[in-house]
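Quick notes on the structure that follows.
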Amino acid sequence: MKRKSNLDIAREATGRLRALISECEAAGKTLPVMEGALWHAEIKRQVGLSNSQIDGNDAIRKMLSAHAEKHGVMFSRFSKVASEECSLRTFPETTGMVPASRLREVQLELARAERKNIELRAEIVFLRAQVMRVDEVTKLIAMGGRMTPGTE
């Protein structure tokens, strides 16, 4: 069996997202939204995208950006943790295993670490977007292109 190339995988992912957007628009709905921005985790789940495909696939980013703009929602909420991600997880009853106070301390530490992890991931996405813009400007300069001051 022949292994799919990265380009084929990217095309399939783009096609699945295009189909989901068409399905949502036919029903008069928008893609999943949370707190005024596209809910990337849910979109990835529904379309079957990997974590890097929204950030690394320009066609997917452009489709999502266009959809967000068309429906008046933000593409993403950088550096903001969703409210349910800040809440503590509930764990099964642990009577007799560890003291409840120690369990609570560990749960709080875990919640803080997870929140920090999510914030760092959001910052990485933001920084990747900046790097992509720098790469585009570098390519433009290399081709001898000119930019009008005040436009980006």
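The values are calculated or read from the model by the stated rules, or taken from the named source; none is laboratory data. Since the structure is predicted, the reported quantities are computational estimates derived from the model, not experimental observations. Note: ideal-geometry Cβ built from the backbone for every residue, glycine included; neighbour counts use all protein chains shown.
Details
- Evaluating residue 121 against the criteria (1) farther than 21 Å from residue 38 by Cα; (2) modelled with pLDDT of 85 or more; (3) under 25 Å from the mean Cα position of the chain (by Cα) leaves one unmet condition, (1).
- Scanning region 37-68 for residues that are exposed (fewer than 13 other Cβ atoms within 10 Å of the Cβ) and at pLDDT below 80 yields 50, 51, 52.
- Counting only helices (runs of 4 or more DSSP H) wholly contained in region 1-73, the ones carrying 3 or more residues that are of a type in the set (Gly, Ala, Ser) and more than 23 Å from residue 127 (Cβ to Cβ) occupy 6-26.
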